[in-house]
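Beneath this line is the structure, given in structure tokens, with notes to follow.
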Amino acid sequence: MPTYPLKRIAEVVNAEYVDEANPDIRYLVTDSRGFISPDGTLYFALKGLRHDGHNFIGEMYDKGVRSFVISNPEINTHQFADASFLLVKDTLIALQKLAANHRKQFNIPVVGITGSNGKTIIKEWLFQLMENKQNLVRSPKSYNSQIGVPLSVWLLEPEHEMAVFEAGISEVGEMQKLAAIIAPTIGIFSNIGDAHQQNFIDYKHKISEKLKLFQNTEILIYCKDYNLIENQIKTNDKFEDTQLFSWSRKFPADLFVSKVEKGSKSTRLEAKFQTRPIDIEIPFIDDASIENAIHCWAFMLLAYENEEIKERMLTLVPVAMRLELKQGINNCTIINDSYNSDIGSLSIALDFLNQQNQHKQKTLVISDILQSGKDETGLYKEVADLVFNKHVSRLIGIGEAISRNERFFKTPSQFYKNTEDFLQSVDKDNFMDEAILLKGSRTFEFELISNSLQHKTHRTVLEINLNALAHNLNYFRAKLNKGTKVMAMVKAFSYGSGTFEVANILQYQKVDYLGVAFADEGVALRKAGIVTPIMVMNPDQQSFESIIEYILEPEIYNLKMLEEFSLTVKRFSVGAYPVHIKLETGMNRLGFSKEDLPALLKGISNHPNLLVKSIFSHNAASDDAQHDDFTHQQFALFDSMSKKIMNELNYPVLRHILNSPGIERFPDYQLDMVRLGIGMYGVSSESNGELQNVSTLKTRISQIKSVAAGESVGYSRACTLERDSKIAILPIGYSDGLRRIMGNGKGKVCISDKLVPIIGNICMDMCTVDVTDISVEEEDEVIIFGEKYPISEMARTLETIPYEVMTGISSRVKRVYLYE
């Protein structure tokens, strides 16, 4: 990392310097939840729509940080002894100015990549293709935003020979800022699509904005097959002096791809470049990978001979876009990030490791870091400090280089020469109830370690995209008034998605409350290290002691419960204990009715050891427009009843009634808090495609058979084939949550982007699909529901609701968590 004196930074960002200290700054931090070390850290208090970084200055100070960039002049800086503050008008602009200034110190080739899709894949593949040729720095993961780009550029160091940064925009005016920071000398425009289209007039408008990244580049690579991109470049006088390198499968171009021949596992590409025929083979067959690979091919042709490129293209591996979190042996959790190994991505992965509050023990398995360009001693000193500052419990180093530098590691450590040495020597029983992060360079084949340590289950898995969950949470947050709190519902195994893992990410996202159905769910979360307030929505007398012991907050819905819980509180002598009063307003389920109010008010008065934390009710039909009059009546009744209770109390109380559809359809009824449930998991009829798919149930084809017309398939001979058919057997059945009603042509699954029918009766552990009309192979992936075949579609087939489908997925189906 670069080092700058704080006074120099103050000059660069035009800051008012509120201290005389002049520490050396090495790390830039914008998120209070994760940083490498307090020493040398500069915290930028960014202000967003829902969060204000100034609110976390105290937290950062308590963690040891002593340098801050702020924009709020009302911050009492004197309360933070020995801390330095830079006061600026806008902290984000200050961050961007600092990064842009840092970029100017380097006279090396810098590649800038933009487009609607493929940016991260192209960047990572360029790194794979050149990692043994040049000392290259790249954006960590998908750091391509207004914040991510300056943090990426800050990684530039004197030993770097080339940089590759990606840039993404969602609004007009953003790309000029990123262009000033990246200042690319070579540009790659991947493609144009629908992403973030709502903020642009049309595709032409979006292309013109994205092209602003390349207005000062020396070389621009693009695909002529996107006519709108071609026309915008050709008619823009900003590119008159730019060397344009085009490729196409349809039109004459610098690289004309004349033939694309797909095999079962790879694709051969033939092309003409500078009048001579050339070819490559890539180990992918999907169209997106082919397009991304051609962009990389075009770039490599600028400096390398095709024979060398051809050899390297065959070594490309899939890019792990996200960390994978899986269930491991002996109650362990495995975090697989074994495709990237560098300091930047290691820090990010360690932050995710520390979010796994269900385990006190945190173990890092790390290989040698290859092609870092750093002095070996300095590199592993930095790794050792990072591991120590991130509070890793145990380190396992694999590789000769890291083993040579074991003296720098203060964390309890073990070292092995290579992966084979580790697998032969390790006792797997030494891994017990811990979170294990696998972080290795590709050549170390850490997938062998992952396979050894993960819990063995069948091939049907439910993938949970934690980034999509966070995106959906923020989608709903953006609809809320300032100050309105969020209770995130994690009952019923987080709607089938997994309790601990989902609760961890929600706690990391700083939701105000978690909601569970029963006390044992809340107890499990507390044991897993969750400290966010938790409301228990369906408590019983037998759980009262556990509720108090684990600091849970019960819903109170009748007078008997009020009395009994008060007595339990009295026995524990814990003082005024928070409770939540449920009112009945039309759901005709749990809750105090209007007629119960006098007795309820008397009960609250007679039990001062109960503190009413919130008053709430439940919408019966907020998702259905035909019942909107009833919803308005519900709110009016709730408003009246809750105000009568509040008038009798001498302290503030939260009120909440809206659920997920209510948040979208009734903004006037937000009150103090909302309860976010199914919408957080990507299900909504009001989002206009803005919510992201969270859960994907997938399996793989076990066997493919040819069956003659007239033969039957499955139990009871329920399906007789009318034609010669090709059928595929899938290892998923009704014991996994695939309902029997989906059989015999009623249900479908998605294979190779095509929907195919389920035929015959669904068995306990298997089902059969008709794949006569598509090209498939055994072990091909099958989507039961997901982005390409939404869970809402399956629910319609079943004549039920997505809730039932999600919560019906069996616990024997392995949950795999993805986090970018």
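The values are calculated or read from the model by the stated rules, or taken from the named source; none is laboratory data. Since this is a predicted model, take the numbers as computed values, not measurements. Positions of Cβ are generated from backbone atoms using ideal geometry, with glycine treated the same way; all protein chains shown enter the neighbour counts. What goes into the accessible areas is simple: the full protein's heavy atoms, side chains included, and nothing from ligands, DNA or RNA. Shrake-Rupley method; radii C 1.70, N 1.55, O 1.52, S 1.80 Å.
Only four residue types carry charge here, +1 at the Cβ of Lys and Arg and -1 at the Cβ of Asp and Glu. Report the dipole size of the chain about the Cα centre in Debye, rounded to the nearest 20.
Dipole size: approximately 680 debye.
Can you send over the carbon and sulfur percentage of the accessible area for region 236-382, probe radius 1.4 Å, protein chains only? Each step should come with its number before you reach the end.
Values: 2920 of 6440 Å².
Result for region 236-382: 45 percent of the exposed heavy-atom area is carbon or sulfur.
Net charge around residue 257, counting only other residues with Cβ within less than 15 Å of its Cβ (Lys, Arg = +1; Asp, Glu = -1)? Display every interim value, and only then the final one.
Values: positive: 224, 249, 250, 259, 262, 268, 272, 276, 310; negative: 225, 254, 261, 270, 279, 281, 287, 291.
Combined, the nearby Lys, Arg, Asp and Glu give +1.
Suppose all protein chains stay in the model; what accessible area per residue would a 1.4 Å probe give for the chain, in Å²? Please report the intermediate quantities before stating the final value.
Numbers: 35110 Å² over 820 residues.
Ligands and nucleic acids excluded, the result is 43 Å² per residue.
Given the peptides 32-41, 608-617, arrange them by the average over their residues of other C-beta atoms within 10 Å, most packed first. Write out the running numbers ahead of the final one.
Numbers: 32-41: 17.9, 608-617: 20.1.
Descending packing order for the listed peptides: 608-617, 32-41.
Relative to the Cα centre, what is the charge dipole magnitude of region 447-571, using +1 at the beta carbon of each Lys and Arg, -1 at the beta carbon of each Asp and Glu, and rounding to the nearest 20 debye? Before the final figure, lay out each step's value.
Working: 13 positive and 13 negative charges, 85 e Å.
Once rounded to the nearest 20, the dipole reads 400 debye.
Suppose only helical runs count, i.e. DSSP H with n ≥ 4. What mean residue ellipticity at 222 nm does that imply for the chain under -39500 (n - 2.57) per run, divided by all residues and rounded to the nearest 500 deg cm²/dmol?
Values: 26 runs with 242 residues, N = 820.
Mean residue ellipticity, 222 nm, calculated: -8500 deg cm²/dmol.
The chain: percent of C-alpha pairs farther apart than 53 Å? Please list the in-between numbers first.
On the way: 58013 of 335790 pairs.
Percent of Cα pairs beyond 53 Å in the chain: 17.
Rank-order 155-166, 78-89 by packing density, defined as the average count of other C-beta atoms within 10 Å over each peptide's residues, highest first. All intermediate terms of the calculation are to be shown ahead of the outcome.
On the way: 155-166: 19.5, 78-89: 15.8.
Ranked from most to least packed, the peptides come out as 155-166, 78-89.
Are any of the pairs 7/47; 326/491; 326/390; 374/439; 582/643 more than 25 Å apart by Cα-Cα distance, and if so, which? Write out the running numbers ahead of the final one.
Details: 7/47 23 Å; 326/491 21 Å; 326/390 21 Å; 374/439 19 Å; 582/643 14 Å.
Violating the 25 Å limit, Cα to Cα: no pairs.
Just subtract the alpha-carbon distance of residue 329 and residue 687 from 0.36 nm times their residue separation and send over the number in nm, one decimal.
Details: separation 358, 0.36 × 358 = 128.88 nm, distance 3.95 nm.
Here the answer is 124.9 nm.
At each listed q (0.11, 0.13, 0.20 Å⁻¹), what is the log10 of I(q)/I(0) that the Debye formula gives for region 589-740 modelled as equal alpha-carbon point scatterers?
The Cα Debye sum returns log10 ratios of -0.67, -0.78, -1.22.
Pull out the extension gain between residue 481 and residue 90, defined as 0.36 nm times the separation in residues minus the alpha carbon to alpha carbon distance; nm, one decimal. Mind showing how you got there, number by number?
On the way: separation 391, 0.36 × 391 = 140.76 nm, distance 2.30 nm.
My answer for the length gained is 138.5 nm.
Go from 0 up to the bin containing the longest alpha carbon distance in region 277-388, width 5 Å each, and give me the % of pairs per bin.
Spelled out bin by bin, region 277-388 gives 2, 9, 16, 15, 13, 14, 12, 10, 6, 2, 1, 0 percent.
Using alpha-carbon positions, what is the distance between the centroids of region 82-123 and region 255-272, in Å?
Region 82-123 and region 255-272 have Cα centres spaced 37 Å from each other.
Under the rule a/c < 1.5 gives rounded, and otherwise a/b versus b/c splits prolate from oblate, where does region 349-453 land using the Cα gyration tensor? Kindly include the intermediate steps, with their values, before the conclusion.
Numbers: a/c = 1.65, a/b = 1.16, b/c = 1.43.
Judged from the Cα gyration tensor, region 349-453 comes out oblate (a/c at least 1.5, b/c at or above a/b).
Return the equivalent ellipsoid semi-axes of region 63-199 as a descending list in whole Å, where each equals the square root of 5 times an eigenvalue of the C-alpha gyration tensor. Display every interim value, and only then the final one.
Details: eigenvalues 188, 79, 30 Å².
Ellipsoid half-lengths, sorted descending, are 31, 20, 12 Å.
Would you mind classifying region 1-73 by shape? Square roots of the alpha carbon gyration tensor eigenvalues, ordered a ≥ b ≥ c; an a/c under 1.5 is rounded, otherwise it is prolate if a/b is larger than b/c and oblate if not.
On the way: a/c = 1.71, a/b = 1.23, b/c = 1.39.
Cα axes put region 1-73 in the oblate bin.
Run the reach check for residue 212 against lysines, Cα to Cα strictly under 24 Å, same-chain hits fewer than 8 apart removed. What comes back?
Correct list for residue 212: 97, 104, 119, 123, 141, 177, 204, 224, 234, 238.
Which aspartates and glutamates have a Cα less than 14 Å from the Cα of residue 594, not counting those fewer than 8 places away in the same chain?
584, 639
Run the accessible area of region 681-747 with a 1.4 Å probe and give the carbon-and-sulfur part as a rounded percent.
Working: 1360 of 3370 Å².
Roughly 40 percent of what the probe reaches on region 681-747 is carbon or sulfur.
How would you order 717-726, 743-752 from highest to lowest mean count of nearby Cβ atoms within 10 Å? Don't jump to the answer; show the numbers that get you there.
Working: 717-726: 14.4, 743-752: 19.4.
For the peptides 717-726, 743-752, the packing ranking is 743-752, 717-726.
Hey, rough spin-label estimate for residue 433 and residue 471, points 7 angstrom out along Cα→Cβ, what's it come to in nanometres?
With each label placed 7 Å out from Cα toward Cβ, I get 3.7 nm.
At 1.4 Å probe size, with the rest of the protein present, what percent of the exposed accessible area of region 31-135 is carbon and sulfur atoms? Mind showing how you got there, number by number?
Numbers: 2010 of 4340 Å².
Roughly 46 percent of what the probe reaches on region 31-135 is carbon or sulfur.
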